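A short reminder: the numbers here are calculations on the coordinates, not readings from a lab. Quick caveat: nothing in here was measured; it's all calculated off a predicted structure. With ideal geometry, Cβ positions are generated from the backbone for all residues, glycine too; neighbour counts draw on all protein chains shown.
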Amino acid sequence: MICPRCEYDEAYKVFEGEDTIWEVFRCPRCNFNWRSTEGEEFTSPAKYNTRFKLSEKQIREMAPKPPIPPLKV
Ligand SMILES: [Zn+2]
């Protein structure tokens, strides 16, 4: 399965509904999750809005979230 957001090719199924009417997939690289019954703008790498696409470099350079504040002593 290819991730619609970062196009990593090792996204995998994490859950399926009863009778497998719908399935949920997850990308281990960008943590995007999507349901098979969502529109193609969320499930298809070719139709996902390019404004919200993430490259491997962008993912690698992201700051940890949420930031951890300094400890109060
Ligand atoms: Zn991804």
Dipole magnitude (debye, nearest 20) for the chain, charges at Cβ of Lys, Arg, Asp, Glu: 620 debye
Estimated distance in nm for a label pair at residue 63 and residue 38, the labels positioned 7 Å out from Cα along Cα-to-Cβ: 2.6 nm
Farthest toward positive dipole pole in the chain [+1 Lys/Arg, -1 Asp/Glu at C-beta], among 70, 2, 48: 70
Calculated from backbone phi, Karplus (6.51, -1.76, 1.60) coupling profile of segment 26-39 in Hz, x at Gly/Pro: 9, 9, x, 8, 10, 6, 6, 10, 8, 9, 4, 8, 6, x
Residue of 61, 40, 23 that the Gaussian network model of the chain assigns the largest fluctuation, springs spanning Cα pairs under 10 Å: 61
